[in-house]
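Before any comments, here is the structure.
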Amino acid sequence: MNRSLTVAFMLAVLYLLHNDFWLWRRYDTVLGGIPVGLAYHIGYCLLISLAMAFLVRRLGATEPADR
Amino acid sequence: MTLAVLVLYLVLVLSVGLLGHRLFRGTGEDYFLASRTIGPFVLLMTLFGTHMTAFAMLGASGEAYHQGIGVFSLMASSSAFVVPVVFMFVGTRLWVLGKRHGFVTQVQFFRERWDSPSLGVGLFVLLVALLVPYLLIGVMGAGITFEAITDGLVPQWLGSLLICLVVAIYVVVGGVRSTSWANTLQALVFMTLGAVSVVIIFRHLGGLDGALKSVDPALLMHGSRIPATTLISYTFIPLSIGMFPHIFMHWLTAQRVETFKLAIVAYPICIAIVWVPSVLLGVAGSAAVPDLQGPASNAVLLRMISEFAPKVLAGLLGAGVFAAVMSSLDSQILSLSTLFTQDIVKRHASTEGAEERSVVRTGRWFVVALLVATYLLSLVSNRSIFRLGIWSFTGFASLFPIVVAALYWRRSTKQGAWAVLLTVAVLWTYFLSQAWATPGYTVASTGIMPVAVILAAAIVAMIVGSLLSPKPEPRVVNRFFSDGLTETKSKS
């Protein structure tokens, strides 16, 4: 898979994961009282951070003109 | 005690802001862009501080009070996803082009990208019109909070005046470097205070589990109060960050393009640090202080602190709110001053060959004039102006296709950009008029936010407008694409 497709695929998956409809009717708590839906989105923020670290490493966050 | 903490905090911000002046080099580039020397940590903090308004502390807890934890996925994690992506694919490219061509404002960039001075004027008018209500809300919000936290000891007019004075002094003296340093301090303050508040208050309420046991279970679910269509369409709102003039200004201050890396990676974590405490306290507040109706719920955090925390925390929370207000206000004021100075005065007045010092002086006068005008407007504005703030985001987000087309689509034309401006102006006004009379308005009551419709129309306008107009001249386009900046990536 080329680089652009990898990026597009990752972003599409991240977007889909944002819409956690499977948790929408759950109100149980985890990790000492955090509602499961909120805990999921805290984890989601961490996942985005990791994904961005991967993309930055892969793409370099640099442009030819700056080198 | 509360007042003393607030005053001490303002003095501290002022001191940090004034420290930035010690490095001032006396040039326009230094005043408006800090000579492009801002490092990774300060860039992250200043972007975060500028983007987060007092809403992240007071408004978010107020919304969570009524709508529950869904507020986090609706407003926070959508930003956590969209904002770093925009930094990565828009911010870094604008930085490279800005450095290469010496751009200072986004109006300069768009004007030269499509070789159209009239487009620059049109964009200038629209950006300023969308930003002014946002400024007004910050100044009014600070005054109202000051009055509430000091139990009326400091009236709204005086609170707003104090905030304007502090911001005016460090922005006038140190420009964007002082602004960035002050924002770094302020972002750290409101990130820390949210965490401290949640620990102290939940300890008093018997722990997180205990506090949430008495809450309506519907508030602990995403889907009970927020329709799926709203959740999906709300994801477009954070695209506004790609068109904010103050964010553009901070992007250009980065030392190197690699400086963006930390902001791209750490932004989602910063958002979680600020929003999780606000949302949890808002939800717990629905049981702890159950008597708040409508917009009064925005005071839930203040009420909980006054009832369940020591007095000093009220002062510190006030400092956190001011941190959030000032860290946005200073950047917005400075970016407007930059737009006026660079795109109106420098371009239209005969200032060719004008001394750098004169450009800086003009910029400083604009900062003062804008703050005076905003302050005076805040004294006569009705509180219903707060509803307009949300619409600022919708307007900026709807203009996002312009920056994407400018950076990634060679065939895009000034006619396409004009079509976007007109489409956004017309639809934005239409939806605002519809929503003004109907709180919680969505398109045809479907749950779809107006931003989704305006954005879709703007994309169509850009494509149709560009394809129906003559191809842009290669000499103009090549300035922005000739080194393979975009083509390299699209071909690889």
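Under the combined filter of DSSP loop state and at most 13 neighbouring Cβ atoms within 10 Å, segment B:249-356 retains these GluC sites (Glu not before Pro): B:Glu352, B:Glu355. Electrostatic tally near B:Ala218: other residues with Cβ closer than 13 Å to its Cβ, Lys and Arg +1, Asp and Glu -1, net +2. For the residue pairs B:Lys99/B:Lys261; B:Lys99/B:Lys414; B:Lys346/B:Lys471, alpha carbon separations beyond 26 Å are given by B:Lys346/B:Lys471. Expressed as a whole percent, the accessible area of the protein assembly as shown that falls on carbon and sulfur atoms is 68 (1.4 Å probe). Karplus-based coupling profile of segment B:400-417, in residue order and whole Hz: 4, x, 5, 6, 5, 5, 4, 8, 10, 10, 4, 6, 5, 10, 5, 5, x, 5, with θ = phi - 60° in 6.51 cos²θ - 1.76 cosθ + 1.60 and x standing for Gly or Pro. Descending by average beta-carbon neighbour count within 10 Å, the peptides B:390-399, A:38-47 line up as B:390-399, A:38-47, the highest first. Interface area, chains A and B: about 4000 Å² of buried accessible surface, summed, with a 1.4 Å probe and ligands, DNA and RNA left out.
Here the Karplus curve 6.51 cos²θ - 1.76 cosθ + 1.60, taken at θ = phi - 60°, turns the phi angles of segment B:357-373 into couplings of 4, 5, 5, 5, 4, 4, x, 5, 4, 5, 4, 5, 4, 5, 5, 4, 4 Hz, with x standing for Gly and Pro. The spacing between segment B:128-158 and segment B:452-479, judged by their C-alpha centroids, is 40 Å. Rounded to the nearest 10 degrees, the angle from helix B:58-67 to the longest Cα principal axis of chain B is 70 degrees.
The residues of chain B expose, per residue, 35 Å² of accessible area to a 1.4 Å probe.
Karplus-based coupling profile of segment B:439-449, in residue order and whole Hz: x, x, 4, 10, 4, 6, 6, 8, x, 7, 6, with θ = phi - 60° in 6.51 cos²θ - 1.76 cosθ + 1.60 and x standing for Gly or Pro.
A simple packing score, the average count of other Cβ atoms within 10 Å per residue, orders the peptides B:70-81, B:96-107 as B:70-81, B:96-107, with the highest score first. Counting, for every residue in A:16-23, the Cβ atoms of other protein chains within 10 Å of its Cβ and taking the mean gives 4.
For the peptide B:65-72, the mean number of other protein chain Cβ atoms found within 10 angstrom of a residue's Cβ is 3. For the segment B:217-224, counting C-beta atoms of other chains within 10 Å of every residue's C-beta and taking the mean gives 6.
The values are calculated or read from the model by the stated rules, or taken from the named source; none is laboratory data. If you're wondering where the values come from, they're calculated on a predicted model, not measured in any experiment. In this analysis, Cβ positions are derived from the backbone assuming ideal geometry, glycine residues included, and neighbour counts consider all displayed protein chains. Side chains are part of the model used for accessible areas, which takes the heavy atoms of the whole protein and leaves out ligands, DNA and RNA. Shrake-Rupley method; radii C 1.70, N 1.55, O 1.52, S 1.80 Å.
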